[in-house]
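Visitor: Before I ask anything, here is the structure I am working with.
The values are calculated or read from the model by the stated rules, or taken from the named source; none is laboratory data. Every value quoted in this text rests on a predicted model; they were computed, and no experiment measured them. Note that we place each Cβ from the backbone using ideal geometry, even for glycine, and neighbour counts take in every protein chain shown.
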Ligand SMILES: C[S@@+](CC[C@H](N)C(=O)[O-])C[C@H]1O[C@@H](n2cnc3c(N)ncnc32)[C@H](O)[C@@H]1O
């Protein structure tokens, strides 16, 4: 017999309703307590349709509170449920393990305290991006960073691979962002110009939250980023600008070309 875990961490996907996998829905229905973070009020309403008693976690955010503290409070709520002997489901938008610190932390802490904990995969913003932009992350390879990390850690873009930057609406923001950071976007545009030609197209992307909406797809040059109408919940896609030349030595070692006679 399969024993049900004490903690199930789930993602409700990006597109309201249609992204919700049957196993995620079942985990939410079967749990004693559901702790829910949703991206918008309509999605929250839909999810509460089958768990009206779900406990919202959005109230833990506060104007001047660092996100780190909000996340720690979320994890404590979830663990308190486990410690009270309840089977808990922790649900967040998208994939629960993608750019999602509190979900990973909840699983780690639950296991450290002796509870069984699992994470179920779900559709993330990247899955929608590949479909809507018609790009395959494996075609030329792709590199993913948080936009702030990309800037602050001095990461170098590889112009032969696709670059996907998350949280461009929250550059340099340690609290819950209320508006995009224009100087941050300007800096990002400048840094991209170190690796890409000035005319190279970059794409600001926001997946459609509802089946009746279209995604936001804004194509522009890097220097236009600072003044663009960047949605708070958007992701930046930069296509490769050059082809990575194969290394003859490696081709030979792999037997893909023959050694010169
Ligand atoms: C805290 S992360 C959560 C990611 C989420 N767990 C997922 O799997 O997509 C928030 C970031 O995800 C991306 N994101 C979330 N919703 C999005 C959407 N509708 N369209 C594009 N990107 C989105 C953005 O980069 C945003 O800043």
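Visitor: May I ask you to list pairs of residues, at least six apart or on different chains, whose Cβ atoms are under 6 Å apart, with the first in the range 169-186 being at pLDDT below 90 and the second being surrounded by 20 or more Cβ atoms within 10 Å (Cβ to Cβ)?
Guide: Correct list of pairs: 177/169; 177/170.
Visitor: Starting from residues that are modelled with pLDDT of 95 or more and assigned to a loop (DSSP other than H, G, I, E, B), keep the ones in the range 58-95 and report whichever is surrounded by the fewest Cβ atoms within 10 Å (Cβ to Cβ).
Guide: Applying the filter and picking the extreme gives 85.
Visitor: State yes or no: is residue 17 under 22 Å from the mean Cα position of the chain (by Cα), at pLDDT below 95 and surrounded by 13 or more Cβ atoms within 10 Å (Cβ to Cβ)?
Guide: yes
Visitor: How many residues are surrounded by 12 or more Cβ atoms within 10 Å (Cβ to Cβ) and away from the ligand (no atom under 16 Å from the Cβ) if we restrict to the range 221-256?
Guide: The number of residues fulfilling the criteria is 14.
Visitor: While we're on this one: Of all residues in the range 204-220, how many are more than 21 Å from residue 179 (Cβ to Cβ), within 11 Å of the ligand (Cβ to nearest atom) and in contact (Cβ under 8 Å) with a residue 12 or more places away in the chain?
Guide: Of all residues in the range 204-220, those more than 21 Å from residue 179 (Cβ to Cβ) come to 208, 210-215, 217, 219.
This time we only want the ones that are within 11 Å of the ligand (Cβ to nearest atom), so: 208, 210, 213, 215, 217.
Those still in the list that are in contact (Cβ under 8 Å) with a residue 12 or more places away in the chain too: 208, 210, 215, 217.
Going through the range 204-220 one residue at a time, the tally reaches 4.
Visitor: Something else: Do you know which residues across the range 22-34 are surrounded by fewer than 22 Cβ atoms within 10 Å (Cβ to Cβ) and not in a helix (DSSP H, G or I)?
Guide: Those that are surrounded by fewer than 22 Cβ atoms within 10 Å (Cβ to Cβ) and not in a helix (DSSP H, G or I): 32, 33.
Visitor: Which condition from (1) within 14 Å of the ligand (Cβ to nearest atom); (2) in contact with a strand residue (DSSP E or B) (Cβ under 9 Å, 6 or more places away or on another chain); (3) modelled with pLDDT of 95 or more is the one that residue 39 breaks?
Guide: So the condition that residue 39 fails would be (3).
Visitor: Select the helices (runs of 4 or more DSSP H) contained entirely in the range 103-198, then report the ones holding at least 1 residues which are more than 16 Å from the ligand (Cβ to nearest atom), surrounded by 15 or more Cβ atoms within 10 Å (Cβ to Cβ) and outside the structural domain of residue 89 (by TED's automatic domain parsing).
Guide: So the answer is 182-195.
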